[in-house]
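Undergrad: Pasting a structure here, questions to come.
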Amino acid sequence: MLSVSLRKRRDGFALQVAFEAPTPGVVALFGRSGCGKSTTIDLIAGLLDPDEGHVRLDDATLVDTRERASVPAERRRIGYVFQDSKLFPHFSVAGNLRYGLKRVREGGERIGFDEVVALLGLAPFLARRPHQLSGGERQRVALGRALLSQPRLLLLDEPLASIDAARREEVLPYLEVLRDRLSIPMVYVSHQFDEVLRLATHVVLLDAGHVVAQGSPGDVSLRPELRAIVGPEAVGAVLDGTIIAVDPASRLAELRLGRGTLRIHAPDAAAGASVRVQLPARDVILATERPQALSVRNAIEGIIDDVIEDEDDARLVRVDIGGAFVLSRVTIAAVEALRLKRGDAVWVLIKAVSMRGHTFKGPARTSTR
Amino acid sequence: MSFTLTPEEVVALRLSLEIAARSVLWSLPFAIFVAWLLTRTRFVGRTLFDAFVHLPLVLPPVATGYVLLLLFGNRGPLGRLFHEHLGIEFAFTKAGAALATAVMTFPLMVRTIRIALEGVDRGLEAAARTLGAGPFDRFATITLPLMAPGILAGAVTAFSAALGEFGAVITFVSNIPGETRTLPLALYTAIQSPNGDAMALRLAIMAFVLGLGGLLLAEFLARRVRWRLGR
């Protein structure tokens with residue numbers, strides 16, 4: 001369990017955050033720039049001191065102002081991957097990787113140099129200098145360097161922000177590997193909701209220095225507070241499910257979801273895999289009768305759970321599809337014409353092409369959880 | 001006129017190089033420490049301290065030499081302390097010439113090192129910290145190597161300037177051949193003597209070559225280190 005409760009005043013900005021998340025797992029601190037995400041992880045790392053509060057990781061107290069206890073950053077054993085990698089320019093890649101490793105206390109080594117090099121595909125770069133690497137390669141080295149310091153928690157401050165969108169795939173899959181195979185607890189700071197969706201097991205939504213919502217990505221995706229941060233276009237329910245079959249002809253995967261099944265594009269998935277999908281609310285259509293002869297591949301029966309204010313001319317309709325919820329963004333005119341209200345039965349229509357599924361295994365659970 | 005150096009001139013040249021080297025080597029650690037104090041710490045009287053460090057730059061060198069004479073002379077409080085406890089005598093010695101030179105070139109060195117230290121990305125130090133490096137470890141493995149170009153450039157510039165130090169040296173340790181008569185002092189002596197024209201010219205050319213060489217070397221070293229750091 002990672003337990004954080006912190007207050008910090010700094011340059012006229014007041015931060016007050018509190019959250020608890022299970023370990024191992026990936027906590028995503030999500031919010032707009034300047035909402036206090038980076039300050040929060042600097043406080044967790046010990047690079048800043050809180051005015052008040054505590055950070056506890058499993059049985060260890062890292063800082064607690066009430067007990068006047070604070071472990072200095074260099075002894076917290078917390079790995080930190082900075083936004084602009086902060087590789088040491090006067091060391092080679094290998095020298096950077098070994099910097100933390102050399103300073104590990106006797107007996108603390110759990111992951112070795114060769115293992116990290118293999119895991120992150122760093123072998124071709126070992127002799128190079130940091131300035132000879134691309135942005136994505138630099139971040140992988142930074143990740144390896146942090147891992148080799150044998151951290152009990154890994155902090156990542158927008159590690160993909162300085163990499164252009166096309167090259168993010170050079171890094172993202174490695175982060176998934178860390179989460180699933182090494183089971184290292186992580187705190188991931190981002191203002192990109194798609195990154196959060198791929199990685200997070202727990203989402204903390206921050207706005208102006210305060211936590212406005214937190215929970216599983218599925219829960220948080222249904223929260224109205226999210227809309228203000230990601231914008232109305234990006235709102236959509238996030239669902240975790242299991243693939244029951246993949247149709248070889250259409251390459252569509254069939255996903256069990258609530259009462260129905262959903263056919264989605266999940267290029268890397270096989271039957272039995274866990275996947276996470278986001279259904280953009282703008283691409284979810286509601287019908288009051290069972291639709292016939294449509295090109296839409298997915299139609300699931302559900303019951304309206306709530307009709308939520310959205311923008312002036314739109315409403316967000318939350319539909320219970322049996323243990324799971326989807327969001328649909330419809331015009332007020334449509335709400336009135338179809339007389340949509342809580343408790344009504346509706347058909348939810350989702351285009352298979354509007355969804356992108358990602359396999360999401362999640363961290364291997366340890367028995368202590 | 002012959003351009004071959006006389007034995008007397010060779011002595012002055014070697015003395016200059018030795019005194020400049022001693023002054024730079026002794027003042028370098030202090031200059032790094034003072035640059036660090038002025039860049040990284042906040043304390044009461046910091047501005048005053050900063051001004052004090054830069055004082056030799058604006059004081060008449062003769063005044064600086066006189067203050068040194070009062071403090072480090074045979075009867076001066078610090079001079080007596082050094083003589084009794086460390087056996088070091090400054091008055092009318094090479095050591096005194098090196099001290100006067102060090103004091104005069106100190107502001108120059110601090111300035112260059114300070115700029116180098118300000119250029120070090122503190123995020124790199126933070127990164128080293130999260131990787132388990134304590135304060136001294138961080139300074140030795142990250143901060144110091146990254147400011148090396150500035151330290152080197154500062155040292156070479158100070159060395160070049162030290163070769164030319166005149167006023168403070170002649171006031172504090174006088175003009176003793178073979179002991180404190182450095183290149184500029186020998187040059188001054190030559191100009192004062194009736195038949196010293198040729199000698200004065202040779203020494204002036206020497207000073208010119210050394211000064212230019214020193215500045216070029218400083219630039220070359222700085223570039224090499226920058227290249228090595230990939231900037």
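The values are calculated or read from the model by the stated rules, or taken from the named source; none is laboratory data. Because the structure is predicted, anything quoted here is derived from the model rather than measured. Quick reminder, even Gly has a Cβ in these numbers, built from the backbone with ideal geometry, and neighbours come from all protein chains shown.
Undergrad: When residue A:221 is evaluated against the numbered criteria (1) within 14 Å of chain B (Cβ to nearest Cβ); (2) over 30 Å from residue A:102 (Cα atoms), which criterion, by number, is the only one it fails?
TA: Unmet for residue A:221, out of (1) within 14 Å of chain B (Cβ to nearest Cβ); (2) over 30 Å from residue A:102 (Cα atoms): (1).
Undergrad: Residue by residue through the range B:216-231, note down the ones that are within 14 Å of another protein chain (Cβ to nearest Cβ) and either outside any helix (DSSP H, G or I) or hydrophobic (A, V, I, L, M, F, W, C) (or both).
TA: B:225, B:227, B:229, B:230, B:231, listed by residue number.
Undergrad: Residues being among the hydrophobic types (A, V, I, L, M, F, W, C), part of a loop (DSSP other than H, G, I, E, B) and more than 9 Å from chain B (Cβ to nearest Cβ): count how many of those fall in the range A:92-121.
TA: Result for the range A:92-121: 1.
Undergrad: Which of the residues that make up the range A:169-190 are among the small types (Gly, Ala, Ser) and touching an Asp or Glu at 6+ places or on another chain (Cβ under 9 Å)?
TA: Passing the criteria: only A:190.
Undergrad: Here is a follow-up. Specify which of the listed residues (B:195, B:175) is more than 17 Å from the chain's Cα centre (by Cα) and over 20 Å from residue B:17 (Cβ atoms).
TA: Among B:195, B:175, only B:195 is more than 17 Å from the chain's Cα centre (by Cα) and over 20 Å from residue B:17 (Cβ atoms).
Undergrad: Just checking: which of the helices (runs of 4 or more DSSP H) contained wholly in the range B:51-169 hold 2 or more residues that are more than 30 Å from residue A:101 (Cα to Cα)?
TA: Result: B:61-72, B:77-86, B:94-118, B:144-163.
So that you can scan it fast, the table gives a plain yes or no per residue for (1) in contact with a Pro (Cβ under 9 Å, 6 or more places away or on another chain); (2) over 26 Å from residue B:146 (Cα atoms):
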residue	(1), (2)
A:6	yes, yes
A:11	no, yes
A:32	no, yes
A:42	no, no
A:52	no, yes
A:89	yes, no
A:98	no, no
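Undergrad: Can residue B:127 be described as at the interface with another protein chain (Cβ under 10 Å from one of its Cβ atoms) and more than 30 Å from residue B:82 (Cα to Cα)?
TA: Criteria met by residue B:127.
Undergrad: Between B:21, B:63, B:97, B:31, which is of a type outside the set (Ser, Thr, Tyr), within 24 Å of residue B:187 (Cβ to Cβ), crowded, with 20+ Cβ neighbours inside 10 Å and modelled with pLDDT of 90 or more?
TA: That would be B:97, the only listed residue that is of a type outside the set (Ser, Thr, Tyr), within 24 Å of residue B:187 (Cβ to Cβ), crowded, with 20+ Cβ neighbours inside 10 Å and modelled with pLDDT of 90 or more.
Undergrad: Next question. Which residue pairs have Cβ atoms under 6 Å apart, sit 6 or more places apart or on different chains, and have a first residue in the range B:130-144 that is more than 8 Å from chain A (Cβ to nearest Cβ) and a second that is modelled with pLDDT under 95 and in a loop (DSSP other than H, G, I, E, B)?
TA: Listed by first residue and then by second, the contacts come to B:143/B:120.
Undergrad: When residues of the range A:202-237 are filtered for being β-branched (Val, Ile, Thr), crowded, with 21+ Cβ neighbours inside 10 Å and farther than 16 Å from residue A:308 by Cβ, how many remain?
TA: Residues in the range A:202-237 being β-branched (Val, Ile, Thr), crowded, with 21+ Cβ neighbours inside 10 Å and farther than 16 Å from residue A:308 by Cβ: 2 in total.
Undergrad: With (1) outside any helix (DSSP H, G or I); (2) away from chain B (no Cβ under 14 Å) as the list, and residue A:62 as the residue in question, which single condition is left unmet?
TA: Condition not satisfied by residue A:62: (2).
Undergrad: What's the number of the condition residue A:36 fails, among (1) buried (at least 21 other Cβ atoms within 10 Å of the Cβ); (2) within 14 Å of chain B (Cβ to nearest Cβ)?
TA: Of (1) buried (at least 21 other Cβ atoms within 10 Å of the Cβ); (2) within 14 Å of chain B (Cβ to nearest Cβ), only one is false for residue A:36: (2).
Undergrad: Which pairs do you get when a residue that is assigned by TED's automatic domain parsing to the domain that holds residue A:351, found in the range A:279-295, comes within reach of a residue that is of a type in the set (Lys, Arg), reach meaning Cβ atoms under 7 angstrom, with the pair 6+ apart or on two chains?
TA: A:281/A:329; A:282/A:329; A:283/A:351
Undergrad: Check A:94, A:146, A:73 and return the single one that is of a type in the set (A, V, I, L, M) and surrounded by fewer than 19 Cβ atoms within 10 Å (Cβ to Cβ).
TA: Matching residue, one of A:94, A:146, A:73: A:94.
Undergrad: It is to be established whether one or more residues within the range B:66-86 are under 23 Å from the mean Cα position of the chain (by Cα), more than 14 Å from chain A (Cβ to nearest Cβ), surrounded by fewer than 20 Cβ atoms within 10 Å (Cβ to Cβ) and charged (D, E, K, R).
TA: No, the range B:66-86 contains no residue that is under 23 Å from the mean Cα position of the chain (by Cα), more than 14 Å from chain A (Cβ to nearest Cβ), surrounded by fewer than 20 Cβ atoms within 10 Å (Cβ to Cβ) and charged (D, E, K, R).
Undergrad: Pick out the one residue from A:176, A:137, A:169 that is of a type in the set (Asp, Glu) and buried (at least 22 other Cβ atoms within 10 Å of the Cβ).
TA: Residue meeting the stated conditions: A:137.
Undergrad: Now a separate question. Regarding residue B:113, is this residue more than 12 Å from chain A (Cβ to nearest Cβ) and surrounded by fewer than 19 Cβ atoms within 10 Å (Cβ to Cβ)?
TA: It is false that residue B:113 is more than 12 Å from chain A (Cβ to nearest Cβ) and surrounded by fewer than 19 Cβ atoms within 10 Å (Cβ to Cβ).
Undergrad: Any idea which residue in the range A:76-91 is nearest to the other protein chains (Cβ to nearest Cβ), counting only those that are more than 20 Å from residue A:163 (Cα to Cα) and part of a loop (DSSP other than H, G, I, E, B)?
TA: Among those residues, the one meeting the criterion is A:90.
Undergrad: For residues in the range B:187-215 being assigned to a helix (DSSP H, G or I) and either of a type in the set (Gly, Ala, Ser) or over 23 Å from residue B:9 (Cβ atoms) (or both), which is nearest to the other protein chains (Cβ to nearest Cβ)?
TA: Of everything passing the filter in the range B:187-215, B:214 is nearest to the other protein chains (Cβ to nearest Cβ).
Undergrad: Here is a list of conditions, (1) closer than 30 Å to residue A:280 by Cα; (2) part of a helix (DSSP H, G or I), and residue A:156 meets all of them except one; can you say which number that is?
TA: Among (1) closer than 30 Å to residue A:280 by Cα; (2) part of a helix (DSSP H, G or I), residue A:156 violates only (2).
Undergrad: What number goes with the only condition from (1) away from chain B (no Cβ under 14 Å); (2) without any contact (Cβ under 8 Å) to a residue 60 or more places away in the chain; (3) not acidic (Asp, Glu) that residue A:179 does not pass?
TA: For residue A:179, the failing item is (2).
Undergrad: Now for a separate question. I'm told residue A:131 meets every condition in (1) out of contact with any helix residue (DSSP H, G or I) (no Cβ under 6 Å at 6 or more places or on another chain); (2) more than 16 Å from residue A:159 (Cβ to Cβ); (3) more than 9 Å from chain B (Cβ to nearest Cβ) except one. Can you identify the failing condition by its number?
TA: It fails just one condition, (3).
Undergrad: Report, by residue number, each residue of the range A:196-219 that is at pLDDT 90 or above and β-branched (Val, Ile, Thr).
TA: Once the filter is applied, which keeps residues that are at pLDDT 90 or above and β-branched (Val, Ile, Thr), the range A:196-219 yields A:201, A:203, A:204, A:211, A:212.
Undergrad: Here's another thing I want to ask about it. Being under 25 Å from residue B:176 (Cβ atoms), aliphatic (A, V, I, L, M) and not in a helix (DSSP H, G or I), is that true of even one residue in the range B:23-30?
TA: No.
Undergrad: Please give the number of the condition residue A:67 fails out of (1) more than 24 Å from the chain's Cα centre (by Cα); (2) within 11 Å of chain B (Cβ to nearest Cβ).
TA: The one condition residue A:67 does not meet is (2).
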